[in-house]
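To start, the structure itself, in structure tokens.
The values are calculated or read from the model by the stated rules, or taken from the named source; none is laboratory data. Keep in mind the model is a prediction, meaning the values are calculated, not measured. Positions of Cβ are generated from backbone atoms using ideal geometry, with glycine treated the same way; all protein chains shown enter the neighbour counts.
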Amino acid sequence: MNKEAKWEFKLIYDGQCPMCRREAMWLQNRSRDGRLAFEDIAVPGFDASQYGRTQEQLMGVMHGVFPDGRIVTKVAAFREAYRLVGLGWLLAPTNWPGLRQLSNWGYEWFARNRVAIGKIFGGKECPDGRCEIKPVKR
């Protein structure tokens, strides 16, 4: 099996967003077996259409993809990534009835406000306002 076919889940993240990059790096450090892959949507030549999405959609919330093309978003993407690095128990409650929707709402709020939240914790501005996202339409 070649290395590219080995991954079981790919987290699609914005490498120009300091908070997104920090989370991806944290997960990469824990993913030593290659089952969790990462793709930076900020690299030149990245084509969001390969996932049936627009760049704006990928910027709006976290996305993850399985090798068969299935896509999950928001907290479900983090749950899968954490599961693959052995920390699935941390996010398991976010899939419980009642908490699932609450977790997604909380994540949507966080995603919309991640720049301001990052500044509180010493984060820097996102280049060219790149991390600014529009509210998620329901």
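A few remarks follow.
- Filtering R100, R53 for residues that are of a type in the set (K, R) and either surrounded by fewer than 17 Cβ atoms within 10 Å (Cβ to Cβ) or in a helix (DSSP H, G or I) (or both) leaves a single hit, R100.
- Odd one out for A76 among (1) outside any helix (DSSP H, G or I); (2) modelled with pLDDT of 95 or more; (3) not β-branched (V, I, T): (1)
- Selected residue (only one of M59, M25 is surrounded by 14 or more Cβ atoms within 10 Å (Cβ to Cβ) and aliphatic (A, V, I, L, M)): M59
- Residues satisfying the stated conditions in the range 7-54, i.e. over 27 Å from A116 (Cβ atoms) and either under 11 Å from the mean Cα position of the chain (by Cα) or aromatic (F, W, Y) (or both): W7, F9, K10, Y51
- Every residue from the range 32-52 that is touching a residue at least 12 places away in the same chain (Cβ under 8 Å) and touching a strand residue (DSSP E or B) at 6+ places or on another chain (Cβ under 8 Å): R35, L36, A37, F38, E39, D40, I41, Y51, G52
- Qualifying residues in the range 40-73 (those that are closer than 20 Å to M19 by Cα and among the charged types (D, E, K, R)) - the one modelled with the highest pLDDT: D40
- Matching residues, the range 1-39, being among the aliphatic types (A, V, I, L, M), part of a helix (DSSP H, G or I) and at pLDDT below 85: A5, M19
- All positions within the range 56-73 that are in a helix (DSSP H, G or I) and more than 13 Å from Y13 (Cβ to Cβ): E56, Q57
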